[in-house]
Each structure stands twice: as structure tokens, then as C-alpha cells.
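Okay, so here's the structure we're looking at.
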Amino acid sequence: MLAATTLPPLSEQDRQTRLALHDRSTMPVTAMATDYAPGHITARHAHPNAQLIHAVHGVMVVGTDQGHWIVPPTRGVWMPPGVKHEVRMVGDVRMRSVFIRPDAATGLPQQCAVLGITPLLRELILVAVDALFPYDADSRIGRLMALMLDEVKVVPVLPLHLPSPTDPRLRKICSAITRTPDSQTTLEQWARRLAVDAKTLQRLFAREFGMTFGQWRQQARLLGGLERLAGGAKVLEVALELGYNSPSAFATMFKRQFGVSPSSFFS
């Protein structure tokens, strides 16, 4: 396995210069490595190419107009061309970004998504970061890049997305849940506060998110808990902060959603 070494810090100007080289490249696939300090937030931006953003260490919170994605280590987020996004770093983040030209291959994802990064794909990303370009399609590097494209098509999409509302009434509800995830306010209580019928809110949640009020709140709590765990919080602390009656109740819901317990998620 290749080691993902820590890099010396880059100035913002140097970082933008390197990004511009990848944005202008005619190669089907290029990659770069950048390390960030805890709490760093990139300015909202977009790329002409698709981007696979992978952190070999640390956790990223990626935001677009469509919502937020929590990206733990061993996962990555797929960003289609032209989508404006920002990235907030939770802890020290060693980011490895792959830039893929829109016409590089068919069958690539069309929407933002968190992807499972297989051991093979991780090693290919690390090779790509060190590759010099331009390169020939029939060279060793060219064939490795082609293999990476094949691997991106088959990795699983993970449920680590919290969609953002457009309706102003839902924005009030969702913002409040995000700020106070332990709130037990019901949909009926929200309907009275907003002077609308509860069935109207139910239809809005179904139309905008394809989920119920309870499902959106549960997803918000779980992803908020995931971010807190990534920051070093204990399971007990997180469970109580999110309004669960016990750590076991939180752990049960967490495992049901993510397939593993909170304590083993980052293993």
C-alpha cells in the first residue's frame, strides 16, 4: 500500500495556481494533493471538470445549493462539472482530488454523491497524485487512469447526504433542527407555528426530499452526530446532544443507517 504522506502547507495563491493547471489540462484524468488545517473552509467554487474529492485523513463537510455531504476517511464525494461547492475541514485533512474531464468516459455519476472508496481505487488515486502530465493513453499511467475511471463507475453510493430545502417554510424547520438537533418539536407543532396545515408540510417534505419530516430529522441528527464523532466526541456525549434517550438507542439507529456501529465507523 502506498503511504499518504503529509504535505507542507500551501499558500492560497499557490493552491489556486495548481488548481488552475488541472482545470485547464487536456488530459482525461489528473490529480493533486492538498493538506488543510482543522476548520479551514474553501471559498465556494466550481470546476469545468468532474472532481472526486477524497480525504485519506480527516473528515470533510461538502456543501452545495442542493445540500450537505459528510465525507469520512475511506470515502469520497463526487462533484459533477460546474457545481458550486465549498468544503469545511473537520480535523487535519489530507485531501486527494481527482479531476475527470466530462468526456473522459461514459457512465460516470451525474449527481453529487458520497462514494465508497475501495482499496484499489485509493491506491489508484495515490498513484495519480504523483503522476506527471501530459501522459500517453497507452502508457502505464494512461492505463492506470483508465482503470480508475472503470472503478469509479462501480463503487457504492453511501447515504451521507442531507438535502437542503427551497421552500421558505421548510427552511425555517430544517434550520432549527440543524441548530438544535435534540429538539422534540413535532410536525403538528411546527404547522401551528407557521400557520399552515400539517398535511401541507407533509406534502412539502415528500415533494422536496422524498422523505418524511421524521426521516429528514433523523438524517440530520445522524450526520450531525457523525461530524461530532469525527471531531473526537464520545458516543455518550453525541447521543445526549442529539436527543436520544441512551447511547444504545443512538447506536442502533446509527447501525441501521450506516451498517456499522458508531465506534467502528472510522476504523
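Considering 128, 55, 33, 105, which residue is of a type in the set (A, V, I, L, M, F, W, C) and out of contact with any helix residue (DSSP H, G or I) (no Cβ under 9 Å at 6 or more places or on another chain)? Please lay out each step first, then the result.
Working: 128 fails: out of contact with any helix residue (DSSP H, G or I) (no Cβ under 9 Å at 6 or more places or on another chain); 33 fails: out of contact with any helix residue (DSSP H, G or I) (no Cβ under 9 Å at 6 or more places or on another chain); 105 fails: out of contact with any helix residue (DSSP H, G or I) (no Cβ under 9 Å at 6 or more places or on another chain).
The match here is 55.
Pull up segment 58-105, narrow it to residues that are over 14 Å from the mean Cα position of the chain (by Cα) and assigned to a strand (DSSP E or B), then point me to the one that is surrounded by the fewest Cβ atoms within 10 Å (Cβ to Cβ).
Restricting attention to segment 58-105, the residues satisfying the condition of being over 14 Å from the mean Cα position of the chain (by Cα) are 81-82, 91-92, 94, 98-105.
Checking the rest, the ones that are also assigned to a strand (DSSP E or B) come to 91-92, 94, 98-100.
Working: 91: 17, 92: 15, 94: 19, 98: 26, 99: 25, 100: 26.
The selected residue is 92.
Taking the conditions exactly as written (surrounded by 19 or more Cβ atoms within 10 Å (Cβ to Cβ) and not aromatic (Phe, Trp, Tyr)), does residue 54 satisfy them or not? Steps first, please.
Working: surrounded by 19 or more Cβ atoms within 10 Å (Cβ to Cβ): yes; not aromatic (Phe, Trp, Tyr): yes.
The answer is yes for residue 54.
Might you let me know whether segment 194-203 holds any residue that is assigned to a helix (DSSP H, G or I), modelled with pLDDT under 90, surrounded by 13 or more Cβ atoms within 10 Å (Cβ to Cβ) and among the small types (Gly, Ala, Ser)?
Narrowing segment 194-203 to residues assigned to a helix (DSSP H, G or I): 194, 198-203.
With modelled with pLDDT under 90 added as a condition, the list becomes none.
Looking for residues that are assigned to a helix (DSSP H, G or I), modelled with pLDDT under 90, surrounded by 13 or more Cβ atoms within 10 Å (Cβ to Cβ) and among the small types (Gly, Ala, Ser), one finds none in segment 194-203, hence no.
I'd like the full set of residues that are charged (D, E, K, R) and surrounded by 18 or more Cβ atoms within 10 Å (Cβ to Cβ), limited to segment 111-137. Please lay out each step first, then the result.
Of the residues in segment 111-137, the ones charged (D, E, K, R) are 122-123, 130, 136.
Passing the criteria: only 122.
Say we look at segment 204-224 and pick out the residues that are in contact (Cβ under 8 Å) with a residue 40 or more places away in the chain and of a type in the set (A, V, I, L, M, F, W, C); which of these is surrounded by the fewest Cβ atoms within 10 Å (Cβ to Cβ)?
Looking only at segment 204-224, we keep the residues that are in contact (Cβ under 8 Å) with a residue 40 or more places away in the chain, and these are 208-209, 213, 216-217, 219-221, 223-224.
Among the residues that remain, those that are also of a type in the set (A, V, I, L, M, F, W, C) are: 209, 213, 216, 220, 223.
Details: 209: 19, 213: 23, 216: 21, 220: 17, 223: 22.
In this case the residue turns out to be 220.
Can you confirm whether residue 17 is among the β-branched types (Val, Ile, Thr), exposed (fewer than 14 other Cβ atoms within 10 Å of the Cβ) and either in a loop (DSSP other than H, G, I, E, B) or in contact with a Phe, Trp or Tyr (Cβ under 8 Å, 6 or more places away or on another chain) (or both)?
Values: among the β-branched types (Val, Ile, Thr): yes; exposed (fewer than 14 other Cβ atoms within 10 Å of the Cβ): yes; either in a loop (DSSP other than H, G, I, E, B) or in contact with a Phe, Trp or Tyr (Cβ under 8 Å, 6 or more places away or on another chain) (or both): no.
No; evaluated as a whole, the condition is false for this residue.
Can you go through 147, 126 and tell me which one is at pLDDT 95 or above and at negative phi?
Working: 126 fails: at pLDDT 95 or above.
Exactly one of 147, 126 is at pLDDT 95 or above and at negative phi, namely 147.
Among the hydroxyl-bearing types (Ser, Thr, Tyr) and either closer than 30 Å to residue 31 by Cβ or without any contact (Cβ under 8 Å) to a residue 40 or more places away in the chain (or both): does that describe residue 186? Write out each step before concluding.
Working: among the hydroxyl-bearing types (Ser, Thr, Tyr): yes; either closer than 30 Å to residue 31 by Cβ or without any contact (Cβ under 8 Å) to a residue 40 or more places away in the chain (or both): yes.
So residue 186 passes the test.
Residue by residue through segment 152-177, note down the ones that are farther than 13 Å from residue 208 by Cα and crowded, with 16+ Cβ neighbours inside 10 Å.
We begin by selecting, within segment 152-177, every residue farther than 13 Å from residue 208 by Cα; these are 152-161, 172-173, 175-177.
The answer is 152, 155, 158, 160, 161, 173, 177.
For segment 204-229, give me each residue that is among the polar types (S, T, N, Q) and part of a helix (DSSP H, G or I).
First, the residues of segment 204-229 that are among the polar types (S, T, N, Q): 212, 215, 218-219.
215, 218, 219 - these are the residues of segment 204-229 that are among the polar types (S, T, N, Q) and part of a helix (DSSP H, G or I).
The values are calculated or read from the model by the stated rules, or taken from the named source; none is laboratory data. Worth saying up front: this structure is predicted, and the values here are computed from it rather than measured. Every residue, glycine among them, receives a Cβ derived from its backbone with ideal geometry; neighbour counts consider all protein chains shown.
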